[in-house]
Amino acid sequence: MKALRRSHTSNSSSSSPSSSSTMSSWIHLRSLLIVASSPVPDRGSLKSPWSRRKRKRALTRHQWYSFFTPEGKLRDGGLKFLKKVRSGGVDPSIRAEVWPFLLGVYNLNSSRAERNAVRQQKRKEYEKLRRRCRRLLKLSNEGDKELKEIVQVSYAESPIFIEGHESPGSEDVFSARESPSVDRGSPVDGGTEQPSRDETSASNSCNVEEEDKSGITHVNDASAGETESSDTESSTEDEPESDLMYSAAEGNMETDPKYIKITSIKGDNPKSSRTAEDYATWQRIIRLDAIRANVEWVIYSPAQALVSEDKALKSAVAVGLKDYDHLEPCRIYHAARLVAILEAYALYDPEIGYCQGMSDLLSPILAVMEEDYEAFWCFVGFMRKARHNFRLDEVGIRRQLNIVSKIIKSKDLHLFRHLEKLQAEDCFFVYRMVVVLFRRELTFEQTVCLWEVMWADQAAIRAGIGKSAWGRIRLRAPPTEDLLLYAIAACVLQRRKLIIETYSSMDEIIRACNNMAGQLDVWKLLDDAHDLVVTLHDKIE
Amino acid sequence: MSYAYLFKYIIIGDTGVGKSCLLLQFTDKRFQPVHDLTIGVEFGARMITIDNKPIKLQIWDTAGQESFRSITRSYYRGAAGALLVYDITRRETFNHLANWLEDARQHANANMTIMLIGNKCDLSHRRAVSTEEGEQFAKEHGLVFMEASAKTAQNVEEAFISTAATIYKKIQDGVFDVSNESYGIKVGYGGIPGPSGGRDGTSSQAGGCCS
């Protein structure tokens with residue numbers, strides 16, 4: 001049915017990418033066409049019944065600035081801004097400014113002055129995490145055997161977090177810092193929120209506020225919180241990483257192993273088949289992964305691509321990078337930044353720590369954000385949802401595969417039955433797409449566009465912009481937390497014929513999925529995904 | 001492409017030991033110095049010839065980190081052969097072999113053929129595990145052992161092919177019920193009974209993703 005519709009409309013839209021090509025659908029869709037559609041030319045060859053929603057122009061610098069009041073507040077709580085990003089992504093030249101809003105580092109309602117204060121605060125917090133990383137690295141380099149036992153983080157079901165960087169004693173500036181239990185409906189500088197549980201996952205339905213009641217593990221991290229000497233902090237916070245290395249003066253409590261002990265309540269009994277990885281393992285794997293990071297970002301980030309050899313080597317030494325002799329300076333620099341931020345994240349969110357694939361998610365953020373602390377907090381914002389992909393118990397992954405399966409079943413029972421026959425109805429074959437959010441299947445630019453659209457949806461939900469508001473205004477597909485999953489389902493549905501007629505085992509489907517790289521069009525995918533959201537979101541969510 | 005038998009392999013071992021590079025060298029005869037880390041599982045295939053019979057190797061390449069272990073585990077079942085890989089320049093990857101082996105023994109079928117590979121033997125100046133240690137470990141655990149280099153291709157063909165030869169021998173010896181696909185062996189059209197006839201040649205290659 002769908003295929004028929006598609007071939008039918010393709011005739012009318014093949015010749016011209018302009019809005020006139022969709023004339024035949026206008027009647028049904030006039031509510032969507034307040035803004036004239038003018039797709040980017042290279043998308044013009046794509047046909048779909050939803051071609052009227054082909055990519056609008058990306059958010060431009062001019063538009064972006066025009067959204068702000070003189071005090072630097074986004075008008076209408078950012079609604080117009082999010083709508084714009086949702087339909088066309090963001091112009092590359094302003095990504096570094098826009099992403100912190102999309103990722104909840106800045107509140108959509110914040111003023112310029114408030115953001116400046118947040119920025120200062122975030123910078124300090126990040127520096128503090130980095131100082132701890134350096135101390136831990138120093139310990140492990142010294143071969144301190146205790147380290148393994150001391151910084152052991154277990155994968156108990158109960159969430160663990162480090163109290164230090166959120167401790168009441170250290171809060172001073174901004175509201176989110178005063179309440180780790182920020183209501184998800186009103187994002188107040190969400191980047192400082194503790195990572196919240198997955199709302200839709202049954203076993204983790206508590207929000208951050210509830211964690212304390214549910215047997216939350218407390219971390220005896222005397223080092224990072226109120227006990228840290230403020231002298232030490234103020235004297236070091238502005239120094240670049242390379243100058244800070246292993247300064248003996250930093251010593252005091254933080255280098256004493258007993259203060260970096262992270263304990264956890266193992267009440268929920270981590271399954272015996274899993275061996276917990278410790279921080280030392282993460283340190284090692286992060287370094288291995290950093291030097292083999294994808295290098296596609298280089299052309300999108302000329303300033304970083306031209307980093308001097310001297311700077312690159314310094315940054316490598318500062319984070320203790322290894323085996324990088326074969327890499328060009330820009331790759332060394334990128335790898336060193338990956339290490340710095342991933343390590344800091346592992347301390348910030350020790351329940352997740354480091355898991356392979358996280359570097360795939362961080363790398364594009366690094367390419368866009370020149371400052372490490374900004375990149376870190378954007379990554380934290382990204383991980384608020386994506387962290388569930390990296391849980392050792394795989395609850396997050398399974399939930400998502402389940403939703404993809406449900407979407408396919410609801411949309412195309414015939415295909416679903418075929419998958420059942422191949423014992424592939426669990427949709428395991430889209431595993432990689434789920435884990436690294438299409439990063440391996442799409443190009444750098446396509447991936448980033450998809451993420452921006454997805455982030456805009458998630459930001460709208462965080463800001464409490466409900467379905468009704470979107471309906472009233474223009475877009476029929478309401479914002480969803482799971483746009484990615486609709487896009488993945490769309491991607492599978494686009495190949496239904498091939499799957500049904502050609503593939504006779506799940507192995508073949510996995511292979512096909514893994515070989516999709518370079519063959520997908522992100523805007524077509526998003527068109528189809530939105531189509532699915534329109535028709536199915538009530539059933540699925 | 002027709003084959004006498006299809007053997008399913010799995011490649012396991014710590015992250016960064018060169019599993020994907022070994023596979024790429026075997027299927028495509030090339031080396032990629034910076035290879036994307038593997039998320040979940042990836043796939044490769046190639047035709048080889050043993051005893052004048054075309055045999056298709058279907059190889060699952062797995063992610064090395066613990067977090068992906070339970071996905072990896074689902075691939076042990078249905079594998080006839082496993083390449084257990086460590087990096088001769090990183091001691092810890094050798095130290096973890098026992099864990100991998102335990103995992104394999106627990107989740108794979110008992111007759112799975114396991115080949116131990118000490119990879120990166122081109123980096124002998126950085127060697128952290130001696131050949132003798134590798135041999136010793138293999139001997140203790142009843143594994144076939146080779147040192148190899150995905151970079152120079154040394155012993156790569158040999159590793160995959162001698163594993164296949166061992167499996168083939170087990171078939172000849174009647175160890176497997178080849179009609180039961182859970183052993184990771186599939187009988188092709190050109191296969192049994194008797195010689196396949198037409199096809200011959202040494203290790204004929206069918207590209208990275210033949211089907």
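The values are calculated or read from the model by the stated rules, or taken from the named source; none is laboratory data. These numbers were taken from a predicted model, which means no experiment stands behind them. Ideal geometry is used to build each Cβ from the backbone, glycine not excepted, and the neighbour counts take in all protein chains shown. Please note that ligands, DNA and RNA were not included when accessible areas were found on the heavy atoms of the full protein model with its side chains. Shrake-Rupley method; radii C 1.70, N 1.55, O 1.52, S 1.80 Å.
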Which is open to solvent by less than 20 Å² (accessible area, probe 1.4 Å), touching a Pro at 6+ places or on another chain (Cβ under 9 Å), touching a residue at least 60 places away in the same chain (Cβ under 8 Å) and of a type outside the set (Phe, Trp, Tyr), of A:318, A:340?
-> A:318
Check A:362, A:338, A:342, A:327 and return the single one that is at pLDDT below 95 and within 14 Å of residue A:289 (Cα to Cα).
-> A:327
Can you tell me which residues in region A:342-360 are within 11 Å of another protein chain (Cβ to nearest Cβ) and either of a type in the set (A, V, I, L, M, F, W, C) or closer than 13 Å to residue A:285 by Cβ (or both)?
-> A:352, A:353, A:354, A:355, A:356, A:357, A:358, A:359
From the list A:136, A:74, A:108, which one is surrounded by 23 or more Cβ atoms within 10 Å (Cβ to Cβ) and closer than 21 Å to residue A:461 by Cα?
-> A:108
Got a number for residues in region B:36-73 being more than 30 Å from residue A:297 (Cα to Cα) and either facing chain A (nearest Cβ under 8 Å) or not polar (S, T, N, Q) (or both)?
-> 15
Being within 14 Å of chain A (Cβ to nearest Cβ), part of a loop (DSSP other than H, G, I, E, B) and touching a Gly at 6+ places or on another chain (Cβ under 7 Å) is the filter here, so list the residues in region B:92-120 that pass it.
-> B:120
Out of (1) open to solvent by less than 10 Å² (accessible area, probe 1.4 Å); (2) at pLDDT 95 or above; (3) of a type in the set (A, V, I, L, M, F, W, C), the odd one out for residue B:50 is which?
-> (1)
Does any residue of region A:513-535 turn out to be in a loop (DSSP other than H, G, I, E, B) and at positive phi?
-> yes
Provide a single number: the residues in region A:29-88 that are farther than 23 Å from residue A:533 by Cα, modelled with pLDDT of 50 or more and assigned to a helix (DSSP H, G or I).
-> 9
Subset of region A:422-440 [under 17 Å from residue A:495 (Cα atoms) and away from chain B (no Cβ under 11 Å)] = A:422, A:424, A:425, A:427, A:438
Quickly run through region B:163-187 and pick out the residues that are at pLDDT 85 or above and within 14 Å of chain A (Cβ to nearest Cβ).
-> B:184, B:186
Taking interchain pairs and intrachain pairs at least six residues apart, which have beta carbon atoms under 7 angstrom, with the first residue in region A:266-291 and closer than 17 Å to residue A:347 by Cα and more than 7 Å from every other protein chain (Cβ to nearest Cβ) and the second at pLDDT below 95 and part of a helix (DSSP H, G or I)?
-> A:278/A:148; A:279/A:136; A:280/A:140; A:280/A:147; A:280/A:148; A:283/A:137; A:283/A:140
Quick check, is residue A:538 open to solvent by 10 Å² or more (accessible area, probe 1.4 Å), out of contact with any His (no Cβ under 8 Å at 6 or more places or on another chain), within 14 Å of another protein chain (Cβ to nearest Cβ) and in a helix (DSSP H, G or I)?
-> no
Here is a list of conditions, (1) surrounded by fewer than 23 Cβ atoms within 10 Å (Cβ to Cβ); (2) part of a helix (DSSP H, G or I); (3) aromatic (Phe, Trp, Tyr), and residue B:160 meets all of them except one; can you say which number that is?
-> (1)
Reported set for region B:109-122 where residues are touching a residue at least 60 places away in the same chain (Cβ under 8 Å), under 14 Å from the mean Cα position of the chain (by Cα) and within 25 Å of residue B:171 (Cα to Cα) is B:112, B:117
Residue A:398 fails exactly one of the following numbered conditions: (1) assigned to a helix (DSSP H, G or I); (2) open to solvent by 20 Å² or more (accessible area, probe 1.4 Å); (3) within 13 Å of chain B (Cβ to nearest Cβ); (4) touching a residue at least 24 places away in the same chain (Cβ under 8 Å). What is the number of that condition?
-> (4)
Residue ID - surrounded by the fewest Cβ atoms within 10 Å (Cβ to Cβ), chosen from residues in region B:13-35 that are on the phi > 0 side of the Ramachandran plot and more than 10 Å from every other protein chain (Cβ to nearest Cβ) | B:29
For residue A:380, state whether it is within 13 Å of chain B (Cβ to nearest Cβ), among the β-branched types (Val, Ile, Thr) and more than 21 Å from residue A:292 (Cβ to Cβ).
-> no
In region A:417-439, anything within 24 Å of residue B:67 (Cβ to Cβ) and part of a helix (DSSP H, G or I) is listed as A:428, A:429, A:430, A:431, A:432, A:433, A:434, A:435
Find the residue count for region A:297-311, including only residues that are open to solvent by less than 60 Å² (accessible area, probe 1.4 Å) and in contact with a Phe, Trp or Tyr (Cβ under 7 Å, 6 or more places away or on another chain).
-> 3
Quick check, is residue A:328 closer than 24 Å to residue A:103 by Cβ and of a type outside the set (Lys, Arg)?
-> no
Hits in region A:517-531 (condition: closer than 21 Å to residue A:482 by Cα and either small (Gly, Ala, Ser) or within 14 Å of chain B (Cβ to nearest Cβ) (or both)) | A:529
